[in-house]
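Presented below is the structure to which this report refers.
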Amino acid sequence: MIMHTILFAVLLQAEQDRSFPWWLVILILLIVMVLVIWALARNAKATEVPRVEHAHVEPEPVAAIHAPEPVAEVIEAVRAPEPVPAAVEVPIIPDDLKLIEGIGPKISSLLNEAGIFTFAQLADTPVAAIQDVLDKANFRLGDPATWPEQAALAAKGDLAGLQALQDSLKGGRKV
């Protein structure tokens, strides 16, 4: 439509003026046509879907079809034990052993070095073993006689019972 309008305007001008250069009009029209064709070809390539060639597959003859596997082998394959994952070690969240009367920062760190991090571990540890930890560190101030009992109450979450027991102690010792 635009091309026709331009051509019409050029022809009208040419009739009015006989010395108009026709070769310039033809050159401009050719350039415009080349640009239009180039733009259309460029858009066509961008939207072109790649062609996929499908190979023709011949069906297998009936004699070549394999018989199904025996049922016992299939069941055995299904029952095959899955590999057991390695035990995941859950990190121990340490308790504040200093809540036990008679245990301060130094004794708490000695117990941690011995592998005792929680109230439950301390409650399960015999008094003699706790005393050995203190003796190996040449620490003579602590008396672990009531520590497992206090730790058992703390491990259960019985803070009222723990407080009542600690009120009857003096420096972690029964009075």
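Peptide packing: for 98-110, 125-137, the average count of neighbouring Cβ atoms within 10 Å per residue gives the ranking 98-110, 125-137, highest mean first.
Global dimensions of segment 97-174 from alpha-carbon coordinates: Rg and Dmax equal 11.4, 34 Å. Modelled label positions at I37 and D96, each set 7 Å beyond Cα in the direction of Cβ, lie 8.8 nm from each other.
Under 5 Å between amide hydrogens, built in the peptide plane, is the criterion, and for L169 it picks out nothing among residues at least 5 positions away or on other chains.
Treat every Asp and Glu Cβ in segment 97-174 as -1 and every Lys and Arg Cβ as +1, leave all other atoms uncharged, and give the resulting dipole magnitude about the Cα centre to the nearest 20 debye.
Working: 8 positive and 9 negative charges, 42 e Å.
Taking the Cα centre of segment 97-174 as origin, the dipole is about 200 debye.
Of the listed pairs K136/K170; K98/K170; K106/K174, which have alpha-carbon separations greater than 19 Å here? The pairs that break the limit, which is 19 Å between Cα atoms, are K136/K170; K106/K174.
Since every read-out is calculated from the coordinates, none of them should be taken as a lab result. Keep in mind it's a predicted model, so treat the numbers as computed, not measured. Neighbour counts run over all protein chains shown; Cβ positions are idealised from the backbone, glycine included.
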